[in-house]
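Participant: Sending over a structure as structure tokens; questions will come in a sec.
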Amino acid sequence: MTNVSPAPKQPQADSSTALYGGKGTRRVTVRDIADAKQRGEKWPMLTAYDAMTASVFDEAGIPVMLVGDSMGNCHLGYESTVPVTMDEMTILSAAVVRGTKRALIVGDLPFGSYQEGAVQALRNATRLVKEAGVGAVKLEGGERSLRQTELLVESGIPVMSHLGLTPQSVHALGGYRVQGRGDEAAHRMLRDAKAAQDAGAFAVVLELVPAELAAEVTRSLEIPTVGIGAGQECDAQVLVWTDMAGMTGGRMPRFVKQYAQLRQTLGDAAKAFAEDVVGGAYPAEEHSFH
Ligand code: KIV
């Protein structure tokens with residue numbers, strides 16, 4: 001890995017074309033994402049797993065939503081992302097598409113839905129596009145998912161790659177730890193990122209990657225990087241929405257910033273309702289019909 005000085009700041013988008021805060025009302029496309037990289041515009045991405053939450057983020061102007069296989073832990077009560085099935089991904093992706101008008105919706109290909117090869121990847125990605133209506137799919141791996149990425153892109157399905165900590169390989173990686181440390185691992189990640197770009201991916205997620213390496217990958221690619229625990233220099237940032245909004249219980253990874261405490265708020269609302277019911281304060285006269 002070479003030492004490089006920070007890239008000069010590039011001009012931001014004008015207010016009409018910006019991915020976030022722009023005036024556009026039609027669905028965001030991968031072309032808009034490419035234009036944002038050219039302009040040096042940073043953009044936000046959140047996960048979403050249901051129509052109602054997705055509609056809130058759409059109204060807030062979030063331009064890209066990922067129906068991540070993090071739905072396994074965050075929505076379906078599994079221990080990890082590994083058990084998520086294509087049926088679950090298709091149903092929840094369709095709900096997110098129905099709940100949104102503007103955001104580009106990216107559906108994750110779950111573990112076991114593309115590892116057999118390019119044809120399996122195409123069959124399952126086609127399902128997400130046709131049945132759920134997503135505008136793009138995401139899969140893990142750079143060089144190891146090359147054939148899959150190439151065939152999907154050739155078939156007209158935009159692909160977002162995912163490098164660094166790839167949760168579907170958590171058993172092989174030996175846990176949730178920072179990836180790309182050391183020269184060899186850093187070079188491998190740069191190679192993977194280039195391979196994804198050359199295969200036609202429109203963006204690359206970098207998860208749990210040292211900030212300096214993520215910055216180097218970002219500078220070396222023409223397509224945008226989407227960081228999660230990968231420092232400030234990525235073109236975009238993604239967070240799992242339940243982490244971002246303080247809905248997830250327990251300890252948070254260091255890279256998470258919580259912008260609300262929904263778990264506390266929702267719990268307080270449930271308790272207030274329960275106390276009103278038990279104490280006879282709800283329903284009151286104004287909630288009753290005669
Ligand atoms: O499934 C997911 O939510 C993801 C993000 C963490 C990038 O892959």
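Participant: Just the residues that are within 16 Å of the ligand (Cβ to nearest atom), open to solvent by 10 Å² or more (accessible area, probe 1.4 Å) and either assigned to a loop (DSSP other than H, G, I, E, B) or without any contact (Cβ under 8 Å) to a residue 12 or more places away in the chain (or both), please, taken from region 181-222.
Facilitator: Selection gives Phe202, Leu208.
Participant: Every residue in region 97-111 that is more than 12 Å from the ligand (Cβ to nearest atom), out of contact with any strand residue (DSSP E or B) (no Cβ under 6 Å at 6 or more places or on another chain) and open to solvent by less than 40 Å² (accessible area, probe 1.4 Å), please. If you could, list the steps in order and put the result at the bottom.
Facilitator: So in region 97-111, the residues more than 12 Å from the ligand (Cβ to nearest atom) come out as 97-105.
Narrowing further to those that are out of contact with any strand residue (DSSP E or B) (no Cβ under 6 Å at 6 or more places or on another chain): 98-102.
Gly99, Thr100, Arg102 - these are the residues of region 97-111 that are more than 12 Å from the ligand (Cβ to nearest atom), out of contact with any strand residue (DSSP E or B) (no Cβ under 6 Å at 6 or more places or on another chain) and open to solvent by less than 40 Å² (accessible area, probe 1.4 Å).
Participant: Separate question: From the residues in region 46-66 that are open to solvent by less than 10 Å² (accessible area, probe 1.4 Å), more than 10 Å from the ligand (Cβ to nearest atom) and outside any loop (DSSP other than H, G, I, E, B), which one is nearest to Tyr176 (Cα to Cα)?
Facilitator: Applying the filter and picking the extreme gives Met65.
Participant: Right, another one. With the requirement that a residue be more than 11 Å from the ligand (Cβ to nearest atom), within 16 Å of His162 (Cα to Cα) and open to solvent by 20 Å² or more (accessible area, probe 1.4 Å), what does region 232-243 give you?
Facilitator: Here is the first cut: in region 232-243, the residues more than 11 Å from the ligand (Cβ to nearest atom) are 232-235.
Within this subset, residues satisfying the condition of being within 16 Å of His162 (Cα to Cα) are 234-235.
Within region 232-243, just Asp235 meets the criteria.
Participant: State all residues of region 75-96 that are of a type in the set (Val, Ile, Thr) and either within 16 Å of the chain's Cα centre (by Cα) or away from the ligand (no atom under 12 Å from the Cβ) (or both); if no residue qualifies, say none.
Facilitator: The initial filter retains those residues of region 75-96 that are of a type in the set (Val, Ile, Thr), namely 81-82, 84-85, 90-91, 96.
Those that are of a type in the set (Val, Ile, Thr) and either within 16 Å of the chain's Cα centre (by Cα) or away from the ligand (no atom under 12 Å from the Cβ) (or both): Thr81, Val84, Thr85, Thr90, Ile91, Val96.
Yes or no, residue by residue, for (1) under 30 Å from Glu154 (Cα atoms); (2) without any contact (Cβ under 8 Å) to a residue 12 or more places away in the chain; (3) surrounded by fewer than 16 Cβ atoms within 10 Å (Cβ to Cβ); (4) within 16 Å of the ligand (Cβ to nearest atom):
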| residue | (1), (2), (3), (4) |
| --- | --- |
| Gly229 | no, no, no, yes |
| Ala245 | no, no, no, yes |
| Gly250 | no, yes, yes, no |
| Pro253 | no, no, yes, yes |
| Leu266 | no, no, yes, no |
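Participant: Give the residues of region 21-38 that are over 16 Å from Leu66 (Cα atoms) and either part of a helix (DSSP H, G or I) or open to solvent by 40 Å² or more (accessible area, probe 1.4 Å) (or both), sorted by residue number. Walk me through how you get there before you give the answer.
Facilitator: Initially, region 21-38 is screened for residues over 16 Å from Leu66 (Cα atoms), giving 21-26, 31-32, 34-38.
The answer is Gly21, Lys23, Thr25, Arg26, Arg31, Asp32, Ala34, Asp35, Ala36, Lys37, Gln38.
Here is a yes/no grid of residues against (1) more than 20 Å from Lys138 (Cα to Cα); (2) modelled with pLDDT under 95:
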| residue | (1), (2) |
| --- | --- |
| Gly174 | yes, yes |
| Arg177 | yes, yes |
| Ala230 | no, no |
| Phe255 | yes, no |
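The values are calculated or read from the model by the stated rules, or taken from the named source; none is laboratory data. Keep in mind it's a predicted model, so treat the numbers as computed, not measured. Note: ideal-geometry Cβ built from the backbone for every residue, glycine included; neighbour counts use all protein chains shown. For accessibility, only protein heavy atoms count, side chains too; no ligands or nucleic acids. Shrake-Rupley method; radii C 1.70, N 1.55, O 1.52, S 1.80 Å.
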